[in-house]
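One structure is given here, and the rest of the page talks about it.
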Amino acid sequence: MSENAFIEYDGKRQELETMIGSENEVGVDITQLRAKTGMITLDPGYGNTGSCTSDITYIDGDKGILRYRGYSIEELAQKSTFMESAFLILNGHLPSQSELDVFERGISAEAGLHHSMNSHFDGFPADAPPMAILSSMLNTLACYNTELLTTEHEGEAFDLVVSKIISKVRTIAAWSYRTSVGQAYMPPNPKLSYSGNFLHMMFSKPFEEYKIIPEVEAAIDLFFILHADHEQNCSTSTVRMVGSSRANLFSSVAAGVGALWGPLHGGANAAVIDMLEDIHSNGIALSDYVDAAKDKNNDTKLMGFGHRVYKSFDPRAKILKGHVDRVLEALDIDDPLLDIAKELEQVALNDEYFVSRNLYPNVDFYSGILLRAIGIPVNMFTVMFAIGRMPGWISNWREMLSQNQRICRPRQVYTGENLRSYTPVSER
Ligand code: ACO
(Lines give C-alpha, C1' and ligand atoms only; values in the text may rest on other atoms or scores of the structure.)
Protein backbone atom coordinates (compact mmCIF):
# COMPACT_ATOMS: atom_id res chain seq x y z
CA MET A 1 0.00 0.00 0.00
CA SER A 2 1.32 3.41 -0.95
CA GLU A 3 2.07 5.70 1.98
CA ASN A 4 1.28 8.75 -0.10
CA ALA A 5 -1.99 10.67 -0.06
CA PHE A 6 -4.15 11.60 -3.03
CA ILE A 7 -6.26 14.60 -3.81
CA GLU A 8 -8.93 14.34 -6.47
CA TYR A 9 -10.62 17.34 -8.05
CA ASP A 10 -12.32 17.98 -11.37
CA GLY A 11 -11.60 14.44 -12.51
CA LYS A 12 -7.86 14.71 -11.89
CA ARG A 13 -6.03 12.75 -9.23
CA GLN A 14 -2.82 14.10 -7.73
CA GLU A 15 -0.46 12.12 -5.54
CA LEU A 16 0.99 13.95 -2.55
CA GLU A 17 3.97 12.75 -0.55
CA THR A 18 3.60 12.26 3.17
CA MET A 19 6.11 12.90 5.89
CA ILE A 20 6.15 10.95 9.15
CA GLY A 21 7.63 12.67 12.19
CA SER A 22 9.67 10.97 14.89
CA GLU A 23 6.52 10.58 17.04
CA ASN A 24 4.57 9.20 14.04
CA GLU A 25 2.70 12.39 13.23
CA VAL A 26 1.71 12.28 9.58
CA GLY A 27 1.97 15.38 7.41
CA VAL A 28 0.78 15.60 3.81
CA ASP A 29 3.36 17.55 1.84
CA ILE A 30 1.48 20.09 -0.30
CA THR A 31 4.49 22.14 -1.39
CA GLN A 32 3.92 21.08 -5.03
CA LEU A 33 0.10 21.26 -4.93
CA ARG A 34 -0.34 24.64 -6.60
CA ALA A 35 2.34 24.02 -9.21
CA LYS A 36 0.75 20.71 -10.18
CA THR A 37 -2.98 21.45 -9.77
CA GLY A 38 -3.40 25.25 -9.56
CA MET A 39 -5.19 24.77 -6.23
CA ILE A 40 -4.26 25.99 -2.79
CA THR A 41 -5.44 24.82 0.63
CA LEU A 42 -7.55 26.99 2.93
CA ASP A 43 -6.94 26.83 6.68
CA PRO A 44 -7.64 30.12 8.52
CA GLY A 45 -6.02 29.96 11.96
CA TYR A 46 -3.67 27.20 10.68
CA GLY A 47 -5.31 24.51 12.84
CA ASN A 48 -4.46 21.85 10.24
CA THR A 49 -1.32 23.32 8.78
CA GLY A 50 2.22 22.32 9.63
CA SER A 51 4.36 25.36 8.79
CA CYS A 52 7.70 23.63 9.26
CA THR A 53 9.49 20.56 10.50
CA SER A 54 11.14 21.07 13.85
CA ASP A 55 13.46 19.19 16.23
CA ILE A 56 12.85 21.45 19.22
CA THR A 57 9.58 20.79 21.05
CA TYR A 58 7.06 17.98 20.91
CA ILE A 59 3.46 18.31 22.07
CA ASP A 60 0.77 15.65 22.08
CA GLY A 61 -2.29 17.71 22.96
CA ASP A 62 -4.57 14.67 23.36
CA LYS A 63 -2.30 13.05 25.94
CA GLY A 64 -1.09 16.26 27.63
CA ILE A 65 2.56 15.68 26.65
CA LEU A 66 5.13 18.47 26.36
CA ARG A 67 8.82 17.74 25.75
CA TYR A 68 11.79 20.00 25.04
CA ARG A 69 14.31 18.17 22.83
CA GLY A 70 12.85 14.85 24.01
CA TYR A 71 12.89 15.60 27.76
CA SER A 72 9.51 15.69 29.51
CA ILE A 73 8.42 19.01 30.98
CA GLU A 74 7.66 17.21 34.26
CA GLU A 75 11.27 16.00 34.59
CA LEU A 76 12.78 19.34 33.56
CA ALA A 77 10.48 21.19 35.98
CA GLN A 78 11.63 18.93 38.78
CA LYS A 79 15.35 18.64 38.03
CA SER A 80 16.52 21.42 35.72
CA THR A 81 17.04 25.17 35.89
CA PHE A 82 15.92 27.80 33.42
CA MET A 83 19.52 28.36 32.28
CA GLU A 84 20.06 24.65 31.67
CA SER A 85 16.71 24.27 29.88
CA ALA A 86 17.46 27.34 27.76
CA PHE A 87 20.79 25.79 26.71
CA LEU A 88 18.98 22.53 25.95
CA ILE A 89 16.35 24.23 23.79
CA LEU A 90 18.97 26.25 21.93
CA ASN A 91 21.57 23.53 21.43
CA GLY A 92 19.64 20.26 21.41
CA HIS A 93 21.49 18.59 24.29
CA LEU A 94 21.85 19.03 28.03
CA PRO A 95 25.04 20.97 28.72
CA SER A 96 28.13 19.58 30.40
CA GLN A 97 29.12 21.54 33.52
CA SER A 98 31.71 23.51 31.55
CA GLU A 99 29.24 24.27 28.72
CA LEU A 100 26.71 25.48 31.29
CA ASP A 101 29.35 27.64 33.03
CA VAL A 102 30.30 29.32 29.73
CA PHE A 103 26.63 29.85 28.82
CA GLU A 104 25.75 31.34 32.21
CA ARG A 105 28.88 33.53 32.26
CA GLY A 106 27.99 34.88 28.82
CA ILE A 107 24.48 35.73 29.96
CA SER A 108 25.65 37.25 33.21
CA ALA A 109 28.18 39.45 31.38
CA GLU A 110 25.42 40.94 29.22
CA ALA A 111 22.98 41.88 31.99
CA GLY A 112 23.66 45.63 31.88
CA LEU A 113 22.16 48.15 29.49
CA HIS A 114 23.91 51.03 27.76
CA HIS A 115 23.74 54.11 29.98
CA SER A 116 22.05 56.17 27.29
CA MET A 117 19.07 53.77 27.25
CA ASN A 118 18.10 55.59 30.42
CA SER A 119 16.73 58.41 28.34
CA HIS A 120 14.55 56.00 26.36
CA PHE A 121 12.97 54.71 29.57
CA ASP A 122 12.51 58.28 30.81
CA GLY A 123 10.64 59.07 27.60
CA PHE A 124 7.79 56.64 28.31
CA PRO A 125 4.76 57.82 30.28
CA ALA A 126 4.57 56.25 33.75
CA ASP A 127 1.51 54.20 32.76
CA ALA A 128 3.01 52.90 29.50
CA PRO A 129 2.15 49.19 29.03
CA PRO A 130 5.30 47.17 29.85
CA MET A 131 4.75 44.94 26.80
CA ALA A 132 4.99 48.02 24.57
CA ILE A 133 8.17 49.10 26.36
CA LEU A 134 9.64 45.60 26.06
CA SER A 135 8.97 45.34 22.34
CA SER A 136 10.33 48.85 21.71
CA MET A 137 13.43 48.25 23.79
CA LEU A 138 14.25 44.93 22.15
CA ASN A 139 14.18 46.77 18.84
CA THR A 140 16.21 49.57 20.40
CA LEU A 141 18.92 47.04 21.26
CA ALA A 142 19.43 46.78 17.51
CA CYS A 143 20.52 50.44 17.51
CA TYR A 144 23.27 49.63 20.01
CA ASN A 145 24.44 46.49 18.21
CA THR A 146 24.50 47.44 14.57
CA GLU A 147 27.39 45.07 13.87
CA LEU A 148 25.16 42.17 14.99
CA LEU A 149 22.17 42.84 12.71
CA THR A 150 22.80 39.78 10.61
CA THR A 151 21.17 36.42 10.07
CA GLU A 152 24.25 34.71 11.49
CA HIS A 153 22.89 31.69 13.34
CA GLU A 154 26.04 29.86 14.34
CA GLY A 155 29.36 30.85 15.91
CA GLU A 156 30.52 33.54 18.28
CA ALA A 157 28.50 36.43 16.86
CA PHE A 158 25.29 34.43 17.20
CA ASP A 159 26.19 33.30 20.74
CA LEU A 160 26.74 36.94 21.64
CA VAL A 161 23.32 38.01 20.32
CA VAL A 162 21.72 35.12 22.24
CA SER A 163 23.44 36.17 25.48
CA LYS A 164 22.46 39.77 24.95
CA ILE A 165 18.79 39.04 24.31
CA ILE A 166 18.27 36.39 27.01
CA SER A 167 20.06 38.53 29.56
CA LYS A 168 18.88 42.02 28.67
CA VAL A 169 15.22 41.08 28.27
CA ARG A 170 15.15 40.58 32.04
CA THR A 171 16.93 43.89 32.72
CA ILE A 172 14.58 45.75 30.37
CA ALA A 173 11.57 44.13 32.06
CA ALA A 174 12.75 45.14 35.54
CA TRP A 175 13.67 48.64 34.41
CA SER A 176 10.29 49.20 32.77
CA TYR A 177 8.62 48.21 36.04
CA ARG A 178 10.81 50.56 38.05
CA THR A 179 10.10 53.42 35.65
CA SER A 180 6.39 52.85 36.16
CA VAL A 181 6.71 53.09 39.95
CA GLY A 182 9.13 56.02 39.89
CA GLN A 183 12.22 54.11 41.03
CA ALA A 184 15.75 54.40 39.64
CA TYR A 185 17.38 51.58 37.67
CA MET A 186 18.85 48.84 39.86
CA PRO A 187 22.09 47.44 38.36
CA PRO A 188 22.34 43.64 38.03
CA ASN A 189 24.25 41.58 40.57
CA PRO A 190 26.37 38.97 38.74
CA LYS A 191 26.59 36.80 41.88
CA LEU A 192 22.90 35.96 41.66
CA SER A 193 21.17 33.28 39.59
CA TYR A 194 19.25 34.30 36.46
CA SER A 195 15.95 34.38 38.33
CA GLY A 196 17.44 35.75 41.56
CA ASN A 197 19.02 38.60 39.62
CA PHE A 198 15.69 39.40 38.01
CA LEU A 199 14.03 39.61 41.44
CA HIS A 200 16.89 41.80 42.66
CA MET A 201 16.59 44.19 39.70
CA MET A 202 12.82 44.36 40.20
CA PHE A 203 12.61 44.80 43.95
CA SER A 204 15.91 45.84 45.58
CA LYS A 205 16.11 49.42 46.77
CA PRO A 206 19.30 51.51 46.82
CA PHE A 207 19.11 51.45 50.63
CA GLU A 208 17.68 47.95 51.07
CA GLU A 209 18.62 44.75 49.25
CA TYR A 210 15.63 42.53 48.33
CA LYS A 211 15.74 39.36 50.40
CA ILE A 212 15.49 36.46 47.98
CA ILE A 213 13.36 33.66 49.42
CA PRO A 214 14.53 30.33 47.90
CA GLU A 215 10.95 29.13 47.23
CA VAL A 216 10.21 32.35 45.35
CA GLU A 217 13.43 32.20 43.32
CA ALA A 218 12.66 28.55 42.48
CA ALA A 219 9.09 29.44 41.48
CA ILE A 220 10.26 32.19 39.10
CA ASP A 221 12.80 29.79 37.60
CA LEU A 222 10.08 27.15 37.22
CA PHE A 223 7.76 29.69 35.60
CA PHE A 224 10.49 30.49 33.04
CA ILE A 225 11.15 26.77 32.36
CA LEU A 226 7.45 26.10 31.78
CA HIS A 227 7.23 28.98 29.30
CA ALA A 228 10.54 28.38 27.52
CA ASP A 229 9.05 26.91 24.34
CA HIS A 230 5.75 25.65 22.98
CA GLU A 231 6.32 24.78 19.32
CA GLN A 232 4.45 26.70 16.62
CA ASN A 233 2.19 28.95 18.73
CA CYS A 234 1.11 32.43 17.61
CA SER A 235 4.20 34.32 18.85
CA THR A 236 6.76 31.70 17.80
CA SER A 237 5.21 31.51 14.34
CA THR A 238 5.43 35.31 14.25
CA VAL A 239 9.13 35.22 15.11
CA ARG A 240 9.70 32.62 12.38
CA MET A 241 7.64 34.59 9.89
CA VAL A 242 9.43 37.89 10.54
CA GLY A 243 12.79 36.11 10.51
CA SER A 244 11.93 34.43 7.22
CA SER A 245 12.33 37.84 5.54
CA ARG A 246 15.89 37.65 6.91
CA ALA A 247 15.12 40.29 9.55
CA ASN A 248 17.64 40.27 12.41
CA LEU A 249 16.99 38.51 15.71
CA PHE A 250 16.35 41.66 17.79
CA SER A 251 13.56 42.72 15.49
CA SER A 252 12.15 39.20 15.13
CA VAL A 253 11.79 38.68 18.90
CA ALA A 254 10.37 42.21 19.29
CA ALA A 255 7.62 41.13 16.87
CA GLY A 256 7.10 38.00 19.00
CA VAL A 257 6.40 40.25 22.00
CA GLY A 258 3.64 41.97 20.00
CA ALA A 259 2.03 38.65 19.14
CA LEU A 260 2.28 37.42 22.72
CA TRP A 261 0.58 40.50 24.12
CA GLY A 262 -2.98 39.59 23.10
CA PRO A 263 -5.41 38.13 25.67
CA LEU A 264 -5.96 34.99 23.59
CA HIS A 265 -2.24 34.19 23.91
CA GLY A 266 0.22 35.41 26.60
CA GLY A 267 -2.09 38.18 27.76
CA ALA A 268 -4.43 35.57 29.22
CA ASN A 269 -2.48 35.34 32.50
CA ALA A 270 -3.39 38.96 33.29
CA ALA A 271 -6.94 38.44 32.04
CA VAL A 272 -7.37 35.54 34.51
CA ILE A 273 -6.59 37.81 37.45
CA ASP A 274 -8.95 40.48 36.11
CA MET A 275 -11.64 37.81 35.88
CA LEU A 276 -11.01 36.44 39.39
CA GLU A 277 -10.93 39.96 40.86
CA ASP A 278 -14.18 40.79 39.09
CA ILE A 279 -15.82 37.68 40.57
CA HIS A 280 -14.38 38.41 44.01
CA SER A 281 -15.07 42.13 44.29
CA ASN A 282 -18.54 41.99 42.74
CA GLY A 283 -19.54 38.80 44.56
CA ILE A 284 -20.51 37.09 41.28
CA ALA A 285 -21.78 33.53 41.73
CA LEU A 286 -19.43 31.12 39.94
CA SER A 287 -22.33 29.40 38.22
CA ASP A 288 -23.44 32.79 36.80
CA TYR A 289 -19.95 33.46 35.50
CA VAL A 290 -19.73 30.04 33.90
CA ASP A 291 -23.19 30.53 32.35
CA ALA A 292 -22.02 33.84 30.84
CA ALA A 293 -18.91 32.13 29.42
CA LYS A 294 -21.16 29.52 27.77
CA ASP A 295 -23.54 32.09 26.31
CA LYS A 296 -22.72 32.66 22.62
CA ASN A 297 -24.40 36.07 22.74
CA ASN A 298 -22.02 37.17 25.47
CA ASP A 299 -18.33 38.06 24.97
CA THR A 300 -17.36 36.60 28.35
CA LYS A 301 -14.89 33.73 28.21
CA LEU A 302 -13.50 31.63 30.99
CA MET A 303 -9.97 33.04 30.78
CA GLY A 304 -7.20 30.52 31.38
CA PHE A 305 -9.41 27.75 29.98
CA GLY A 306 -9.07 26.03 26.63
CA HIS A 307 -6.18 25.56 24.26
CA ARG A 308 -5.78 25.08 20.55
CA VAL A 309 -3.59 22.01 21.03
CA TYR A 310 -4.19 20.55 24.51
CA LYS A 311 -7.44 18.60 24.53
CA SER A 312 -7.01 16.63 27.74
CA PHE A 313 -4.95 18.80 30.09
CA ASP A 314 -2.11 21.31 29.89
CA PRO A 315 0.82 19.67 31.75
CA ARG A 316 2.23 23.11 32.61
CA ALA A 317 -0.98 24.01 34.45
CA LYS A 318 -0.75 20.82 36.49
CA ILE A 319 2.85 21.55 37.52
CA LEU A 320 2.14 25.19 38.39
CA LYS A 321 -0.95 24.39 40.41
CA GLY A 322 1.18 22.26 42.71
CA HIS A 323 3.67 25.09 43.25
CA VAL A 324 1.20 27.86 43.97
CA ASP A 325 0.34 26.49 47.41
CA ARG A 326 4.03 26.12 48.27
CA VAL A 327 4.84 29.74 47.38
CA LEU A 328 1.80 31.15 49.16
CA GLU A 329 2.83 29.21 52.24
CA ALA A 330 6.47 30.42 52.07
CA LEU A 331 5.22 33.99 51.77
CA ASP A 332 2.50 33.46 54.37
CA ILE A 333 -0.17 34.71 51.98
CA ASP A 334 -3.79 33.66 51.97
CA ASP A 335 -5.15 34.72 48.59
CA PRO A 336 -8.93 34.52 48.20
CA LEU A 337 -8.44 34.50 44.41
CA LEU A 338 -6.76 31.09 44.71
CA ASP A 339 -9.84 29.65 46.42
CA ILE A 340 -12.05 31.15 43.72
CA ALA A 341 -9.78 29.73 40.99
CA LYS A 342 -9.92 26.24 42.51
CA GLU A 343 -13.71 26.39 42.85
CA LEU A 344 -14.14 27.79 39.36
CA GLU A 345 -11.99 25.00 37.96
CA GLN A 346 -14.23 22.42 39.64
CA VAL A 347 -17.45 24.07 38.41
CA ALA A 348 -16.13 24.16 34.83
CA LEU A 349 -14.69 20.64 34.92
CA ASN A 350 -18.09 19.32 35.89
CA ASP A 351 -20.01 21.32 33.30
CA GLU A 352 -21.10 19.55 30.13
CA TYR A 353 -20.22 22.59 27.95
CA PHE A 354 -16.56 22.55 29.00
CA VAL A 355 -16.30 18.76 29.19
CA SER A 356 -17.72 18.20 25.70
CA ARG A 357 -15.38 20.82 24.19
CA ASN A 358 -12.32 19.49 26.04
CA LEU A 359 -11.75 22.82 27.76
CA TYR A 360 -9.28 22.47 30.64
CA PRO A 361 -7.21 25.00 32.61
CA ASN A 362 -4.18 26.15 30.62
CA VAL A 363 -0.83 27.40 31.94
CA ASP A 364 -2.25 30.89 32.45
CA PHE A 365 -4.95 29.79 34.87
CA TYR A 366 -2.65 29.46 37.88
CA SER A 367 0.44 31.42 36.81
CA GLY A 368 -1.18 34.78 37.57
CA ILE A 369 -1.87 33.80 41.18
CA LEU A 370 1.75 32.72 41.57
CA LEU A 371 3.15 35.93 40.09
CA ARG A 372 0.75 38.11 42.06
CA ALA A 373 1.83 36.46 45.32
CA ILE A 374 5.47 37.22 44.48
CA GLY A 375 4.58 40.89 44.00
CA ILE A 376 4.78 41.02 40.21
CA PRO A 377 2.17 43.55 39.07
CA VAL A 378 -0.54 42.27 36.75
CA ASN A 379 0.60 44.37 33.78
CA MET A 380 4.00 42.65 34.01
CA PHE A 381 2.61 39.09 33.78
CA THR A 382 2.88 38.83 30.03
CA VAL A 383 6.36 40.36 30.18
CA MET A 384 7.32 37.45 32.47
CA PHE A 385 6.01 35.07 29.84
CA ALA A 386 8.13 36.83 27.20
CA ILE A 387 11.30 36.52 29.31
CA GLY A 388 10.71 32.78 29.63
CA ARG A 389 9.85 32.32 25.95
CA MET A 390 13.09 33.86 24.59
CA PRO A 391 15.03 30.57 24.25
CA GLY A 392 12.14 29.08 22.28
CA TRP A 393 11.79 32.06 19.94
CA ILE A 394 15.54 32.24 19.35
CA SER A 395 15.84 28.52 18.77
CA ASN A 396 12.98 28.55 16.26
CA TRP A 397 14.47 31.55 14.45
CA ARG A 398 17.78 29.74 14.21
CA GLU A 399 16.21 26.48 13.05
CA MET A 400 14.20 28.28 10.37
CA LEU A 401 17.38 29.88 8.98
CA SER A 402 19.39 26.67 9.22
CA GLN A 403 16.68 25.03 7.08
CA ASN A 404 17.13 27.88 4.60
CA GLN A 405 13.38 28.41 4.63
CA ARG A 406 11.77 30.49 1.90
CA ILE A 407 10.15 33.74 2.98
CA CYS A 408 6.75 32.98 4.59
CA ARG A 409 4.11 34.20 2.22
CA PRO A 410 0.72 32.51 2.53
CA ARG A 411 -1.81 32.76 -0.27
CA GLN A 412 -5.53 33.52 -0.02
CA VAL A 413 -8.78 32.70 -1.74
CA TYR A 414 -9.99 36.08 -3.00
CA THR A 415 -13.71 36.70 -2.35
CA GLY A 416 -13.97 40.41 -3.24
CA GLU A 417 -15.30 42.34 -6.24
CA ASN A 418 -14.41 41.37 -9.80
CA LEU A 419 -12.87 43.97 -12.10
CA ARG A 420 -14.97 47.15 -12.24
CA SER A 421 -14.54 50.59 -13.77
CA TYR A 422 -13.47 53.67 -11.88
CA THR A 423 -16.02 56.48 -11.71
CA PRO A 424 -14.92 60.06 -10.98
CA VAL A 425 -16.00 61.37 -7.58
CA SER A 426 -18.49 63.83 -9.20
CA GLU A 427 -20.42 60.90 -10.68
CA ARG A 428 -20.64 58.78 -7.51
N1 ACO B 1 -14.53 29.95 27.55
C2 ACO B 1 -15.70 29.61 26.96
N3 ACO B 1 -15.78 28.93 25.79
C4 ACO B 1 -14.65 28.58 25.19
C5 ACO B 1 -13.38 28.92 25.74
C6 ACO B 1 -13.34 29.61 26.96
N7 ACO B 1 -12.19 29.94 27.54
N8 ACO B 1 -12.40 28.46 24.92
C9 ACO B 1 -13.02 27.87 23.89
N10 ACO B 1 -14.37 27.94 24.05
C11 ACO B 1 -15.39 27.35 23.17
C12 ACO B 1 -15.48 28.10 21.84
O13 ACO B 1 -16.41 29.15 21.92
C14 ACO B 1 -15.92 26.99 20.92
O15 ACO B 1 -17.28 26.73 21.15
P16 ACO B 1 -18.24 26.21 19.94
O17 ACO B 1 -17.63 24.92 19.48
O18 ACO B 1 -19.58 26.06 20.57
O19 ACO B 1 -18.19 27.28 18.89
C20 ACO B 1 -15.16 25.76 21.43
O21 ACO B 1 -14.93 26.03 22.83
C22 ACO B 1 -13.84 25.48 20.73
O23 ACO B 1 -12.99 26.59 20.90
P24 ACO B 1 -12.17 27.26 19.73
O25 ACO B 1 -12.61 28.68 19.59
O26 ACO B 1 -12.18 26.42 18.49
O27 ACO B 1 -10.73 27.22 20.33
P28 ACO B 1 -9.44 27.85 19.65
O29 ACO B 1 -8.48 26.74 19.49
O30 ACO B 1 -9.76 28.67 18.46
O31 ACO B 1 -8.95 28.87 20.78
C32 ACO B 1 -8.11 29.63 22.82
C33 ACO B 1 -8.12 28.50 21.81
C34 ACO B 1 -7.81 30.98 22.12
C35 ACO B 1 -7.00 29.37 23.82
C36 ACO B 1 -9.50 29.70 23.52
O37 ACO B 1 -9.74 28.49 24.20
C38 ACO B 1 -9.62 30.88 24.46
O39 ACO B 1 -9.95 31.99 24.03
N40 ACO B 1 -9.31 30.67 25.80
C41 ACO B 1 -9.34 31.75 26.75
C42 ACO B 1 -8.07 32.59 26.59
C43 ACO B 1 -6.84 31.86 27.14
O44 ACO B 1 -6.87 31.32 28.22
N45 ACO B 1 -5.75 31.92 26.35
C46 ACO B 1 -4.47 31.33 26.74
C47 ACO B 1 -4.10 30.18 25.86
S48 ACO B 1 -2.65 29.39 26.45
C49 ACO B 1 -1.41 30.37 25.94
O50 ACO B 1 -1.46 31.12 24.97
C51 ACO B 1 -0.21 30.32 26.72
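The values are calculated or read from the model by the stated rules, or taken from the named source; none is laboratory data. Just so you know, these numbers come straight off a predicted model, no measurement behind them. Here the Cβ is made from the backbone with ideal geometry for all residues, glycine too, and neighbour counts use every protein chain on show.
Of the residues Ala111, Ala132, Ala157, Ala128, only one is of a type in the set (Gly, Ala, Ser), buried (at least 17 other Cβ atoms within 10 Å of the Cβ) and in the same structural domain as Ala184 (by TED's automatic domain parsing); which?
Ala111
Of the residues in the range 225-239, how many are away from the ligand (no atom under 14 Å from the Cβ) and either over 28 Å from Asn48 (Cβ atoms) or surrounded by fewer than 24 Cβ atoms within 10 Å (Cβ to Cβ) (or both)?
Qualifying residue count, the range 225-239: 1.
Checking Leu359 against (1) assigned by TED's automatic domain parsing to the domain that holds Ala111; (2) in contact with a strand residue (DSSP E or B) (Cβ under 6 Å, 6 or more places away or on another chain), which test does it fail?
(1)
For the range 155-179, name all the residues that are without any contact (Cβ under 8 Å) to a residue 40 or more places away in the chain and either of a type outside the set (Gly, Ala, Ser) or farther than 14 Å from Arg398 by Cβ (or both).
If the condition is that a residue be without any contact (Cβ under 8 Å) to a residue 40 or more places away in the chain and either of a type outside the set (Gly, Ala, Ser) or farther than 14 Å from Arg398 by Cβ (or both), then Glu156, Ala174, Arg178 are the ones that fit.
Has the range 338-356 got any residue that is outside any helix (DSSP H, G or I), over 30 Å from Ile30 (Cβ atoms) and not assigned by TED's automatic domain parsing to the domain that holds Ser167?
Yes: one or more hits.
Does the range 285-298 contain at least one residue that is within 14 Å of the ligand (Cβ to nearest atom), among the polar types (S, T, N, Q) and surrounded by fewer than 21 Cβ atoms within 10 Å (Cβ to Cβ)?
Among the residues of the range 285-298, at least one is within 14 Å of the ligand (Cβ to nearest atom), among the polar types (S, T, N, Q) and surrounded by fewer than 21 Cβ atoms within 10 Å (Cβ to Cβ), which makes the answer yes.
If a residue has to be surrounded by 14 or more Cβ atoms within 10 Å (Cβ to Cβ), charged (D, E, K, R) and more than 10 Å from the ligand (Cβ to nearest atom) to count, how many in the range 299-324 make the cut?
The qualifying residues number 2.
Hey, can you tell me all the residues within the range 313-367 that are touching a Lys or Arg at 6+ places or on another chain (Cβ under 7 Å) and on the phi > 0 side of the Ramachandran plot?
Scanning the range 313-367 gives a single hit, Asn358.
Working only within the range 361-379, note down all residues that are over 18 Å from Ser195 (Cβ atoms) and surrounded by fewer than 22 Cβ atoms within 10 Å (Cβ to Cβ).
Across the range 361-379, the qualifying residues are Val378, Asn379.
Between a residue in the range 294-321 that is farther than 15 Å from Ser367 by Cβ and any residue that is within 6 Å of the ligand (Cβ to nearest atom) and part of a loop (DSSP other than H, G, I, E, B), which pairs come within a Cβ distance under 6 Å, given they are 6 or more apart or on different chains?
Listed by first residue and then by second, the contacts come to Gly306/Leu359.
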